[in-house]
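The values are calculated or read from the model by the stated rules, or taken from the named source; none is laboratory data. None of these values were measured; they are calculated from a predicted model. FYI the Cβ positions are ideal-geometry reconstructions off the backbone, even for glycines, and counts take in every protein chain you see.
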There are 4 protein chains.
Amino acid sequence: MMTKLAVIFYSTYGTNHEIAEIAAEAARGTGAEVRLLRVAETAPQAVVDGQEAWKAQAEKTRDIPEVSHADMEWADGYLFVAPTRYGSAPSQLRAFIDTLGGLWSDGKLANKAVSAMTSASTAHGGQEATILGLYTSFMHWGAVVVAPGYTDPAIFQTGNPYGYSHTAGTPFDETARGVIGHQAKRLVEMAGKVAGKELATAA
Amino acid sequence: MMTKLAVIFYSTYGTNHEIAEIAAEAARGTGAEVRLLRVAETAPQAVVDGQEAWKAQAEKTRDIPEVSHADMEWADGYLFVAPTRYGSAPSQLRAFIDTLGGLWSDGKLANKAVSAMTSASTAHGGQEATILGLYTSFMHWGAVVVAPGYTDPAIFQTGNPYGYSHTAGTPFDETARGVIGHQAKRLVEMAGKVAGKELATAA
Amino acid sequence: MMTKLAVIFYSTYGTNHEIAEIAAEAARGTGAEVRLLRVAETAPQAVVDGQEAWKAQAEKTRDIPEVSHADMEWADGYLFVAPTRYGSAPSQLRAFIDTLGGLWSDGKLANKAVSAMTSASTAHGGQEATILGLYTSFMHWGAVVVAPGYTDPAIFQTGNPYGYSHTAGTPFDETARGVIGHQAKRLVEMAGKVAGKELATAA
Amino acid sequence: MMTKLAVIFYSTYGTNHEIAEIAAEAARGTGAEVRLLRVAETAPQAVVDGQEAWKAQAEKTRDIPEVSHADMEWADGYLFVAPTRYGSAPSQLRAFIDTLGGLWSDGKLANKAVSAMTSASTAHGGQEATILGLYTSFMHWGAVVVAPGYTDPAIFQTGNPYGYSHTAGTPFDETARGVIGHQAKRLVEMAGKVAGKELATAA
């Protein structure tokens, strides 16, 4: 049976959508069953429409399914991808997390392997704090937190051992893609182990 | 000129509303100008209406003004009061914080004295993490963070040196009221000092 | 092959030593191979000798082996147990962690399952921050963080989903022992899964 | 009466010593009384001597006084400067902090303005976590935390709103010096306000 990974992203202007696509592709390469899912927008439609870039991104991702409670139950592992808002995850993602009380109290979120990635506009603009804050929440669920550390040599170049961190506006070069892929594949591997599943291929 | 304090709360069932009222009253006792303000609800109306206790609390606080960007500019200090959601502030409060980008980039949130209080349903259910996570965000604004520490002996009884933490469902006894009042008054004192204002009375 | 767990504690007056003993015993009950190890004292001998309770505890644990680099390599999982010092682990434990640079850069600390427990003298006296701070460090190693969450119903009574937290001076009742045992056994289970080992008995 | 600032650093190879010197010089430029102080080494002498660069740095700073409890009482504000060790302050600094129990319980550490700076070898190598972890400890003391935020436009270039963060091995250019100086001067300003002192010159 295949390991099941939910790649769950929120993206205002596209950076985190791109991270999520790269991660999902790498995870699929391991043979895992992967769902690419977006977090529902909670900002008023007028606010979204008032910014061309935001509106365009919303339209571009319209056909990507919104993450549901059923997806949360289905998956063996979660990869969350979202930008920084003052050292915290955006309220859109927090709003989704706030709806999970029922699943949580039924123990349906326990023993999932989780990891997170983020972006910010400056070099140390809250990337660490955002990812660590998400992990703190996931611990309430009884998650198994799979931060990458420096388990791939390229992480010494990109930095963040808590999770891949992109500086908005910079390109996704081979190093970035490699680090994103490594984190996603390692998460699949650990999710499979925790769930007691075989990997189709070596991660 | 009086020190101006905004007491900004989000409360689903009333616990954090009560903390905010106690804090606002104590702050007023110092001679400070105090605005008690609530964070706008962002959950769908149907969800609120679907829970009697939530609906009742929403109706009870209908006449308390919603916090606005003008309030954020007006105040010398902010006291944020909100429950824990898996070790983070609720999405309603994060949604308000996410709207402050314009004020922040104009430097209008800098040099404000800030403090926070919270509640949770278990003894160490994320109270520390919630308050510390809020302070992390406020640091992005250039805030001056005024956690109480153990500056009042009663804090050795109630615990949290990062900010008052209530266990939901327990009563607000004299010790709790004293600790809440102390944190609020000390915040007024520090906000006045940072803003270069005289206190009407000793805090 | 048995899962190997290192229970690594630092204890000034005995509280964390007792937590570690309870955890080690529970872990052994799963069939795991368990080493109970203490962190070397780094305070000057005169300081230790100057406090009767500290000196007595030091003498009491003299025969428990000090944790070594070889232990860190040997184990599939680590359970760290140490008191709070202003919301952080004590310097004795940080000093041991600071010696691990060689093992870390050789990748010898990667893919270990880890968990932590703590104590403090007040109810929210930094217990959450201490455990979360340790997990942050372990993420640098490429650890798999196994916080208990609310995976056992008793945790709703004792509280901390990041790791068991004792209030110093209170007794270890059945609930406390159960929660400590649950966290230790779950760590063994996850360490075994990550390391690809069979459990002798169901955890 | 002058504002009194203690610049307290630990530096293994010199990076944080250099940050501290730049900060102390900027602070002196405001007219503040500044003490540059180093944290005592706690690693065994043989370990220090075993690394040429470490030994050389130890000898270079031999004449800088070690920070004492009297310095902690004397100062109106503290600037802590120390490298990252797996997302935490080094054990040498934690060991000094661990000795402050007596001052703390006498309330002698309360109402001090504090700020922190750090360095790491990679771009997001725990700099945020290290500074936030120190602030968490200082909150236990009743400190007033003065993180820089983005109160100077150059911080948008260097990044960390929690405190200046240097990537080890890179030069200290004008931008870096400006950001370090800004954080130090703003800390003096806030320390003076909290302590009720006049500034000699505008910060």
Going through region A:169-189 one residue at a time, which ones are touching a residue at least 12 places away in the same chain (Cβ under 8 Å) and of a type outside the set (Gly, Ala, Ser)? A:172, A:175, A:177, A:179, A:180, A:182, A:183, A:185, A:186, A:187, A:188, A:189
Of all the residues that make up region D:13-63, how many are β-branched (Val, Ile, Thr) and part of a helix (DSSP H, G or I)? 5
Which of (1) more than 29 Å from residue D:85 (Cβ to Cβ); (2) more than 9 Å from every other protein chain (Cβ to nearest Cβ); (3) crowded, with 24+ Cβ neighbours inside 10 Å is the odd one out, the single condition residue A:180 does not satisfy? (1)
Of the candidates A:188, A:145, the one satisfying the condition of being crowded, with 24+ Cβ neighbours inside 10 Å and within 11 Å of another protein chain (Cβ to nearest Cβ) is A:145
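Conditions (1) polar (S, T, N, Q); (2) surrounded by fewer than 14 Cβ atoms within 10 Å (Cβ to Cβ); (3) closer than 17 Å to residue C:134 by Cβ, marked per residue:
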{"position": "C:6", "(1), (2), (3)": "no, no, yes"}
{"position": "C:14", "(1), (2), (3)": "no, no, no"}
{"position": "C:26", "(1), (2), (3)": "no, no, no"}
{"position": "C:34", "(1), (2), (3)": "no, no, no"}
{"position": "C:59", "(1), (2), (3)": "no, yes, no"}
Restricted to region C:155-172, and to residues that are in a loop (DSSP other than H, G, I, E, B), more than 13 Å from the chain's Cα centre (by Cα) and farther than 14 Å from residue C:17 by Cα, which residue is modelled with the highest pLDDT? C:161
Just checking, how many residues over region A:76-113 are among the basic types (Lys, Arg) and outside any loop (DSSP other than H, G, I, E, B)? 2
The residue from C:79, C:93, C:103, C:109 that alone is within 13 Å of chain A (Cβ to nearest Cβ) and buried (at least 18 other Cβ atoms within 10 Å of the Cβ) is C:109
Determine, yes or no, whether residue A:150 is under 18 Å from residue C:145 (Cβ atoms), assigned to a loop (DSSP other than H, G, I, E, B) and within 11 Å of chain C (Cβ to nearest Cβ). yes
Considering only residues that are among the hydroxyl-bearing types (Ser, Thr, Tyr) and in contact (Cβ under 8 Å) with a residue 40 or more places away in the chain, which ones fall in region C:119-136? C:119, C:121, C:122, C:130
Could you please find all residues in region B:137-168 being touching a residue at least 60 places away in the same chain (Cβ under 8 Å) and over 27 Å from residue D:128 (Cβ atoms)? B:166, B:168
Here the residues within region C:86-98 that are without any contact (Cβ under 8 Å) to a residue 24 or more places away in the chain and within 15 Å of residue C:132 (Cα to Cα) are C:94
When residues of region C:64-75 are limited to those that are in a helix (DSSP H, G or I) and in contact (Cβ under 8 Å) with a residue 60 or more places away in the chain, the one surrounded by the most Cβ atoms within 10 Å (Cβ to Cβ): C:72
Might you check whether a residue that is modelled with pLDDT of 95 or more, in contact with a His (Cβ under 7 Å, 6 or more places away or on another chain) and of a type in the set (Phe, Trp, Tyr) occurs anywhere in region C:137-146? no
Within region B:19-58, track down each residue that is over 29 Å from residue B:192 (Cβ atoms) and charged (D, E, K, R). B:41, B:49, B:52, B:55
Considering (1) hydroxyl-bearing (Ser, Thr, Tyr); (2) surrounded by 23 or more Cβ atoms within 10 Å (Cβ to Cβ); (3) within 14 Å of chain C (Cβ to nearest Cβ), say which one residue B:121 fails and leave the rest. (2)
For region D:124-137, enumerate the residues that are at the interface with another protein chain (Cβ under 8 Å from one of its Cβ atoms), outside any loop (DSSP other than H, G, I, E, B) and not polar (S, T, N, Q). D:128, D:129, D:132, D:133, D:135
Unique match (being closer than 27 Å to residue C:101 by Cα and of a type in the set (Lys, Arg)) among D:38, D:28: D:38
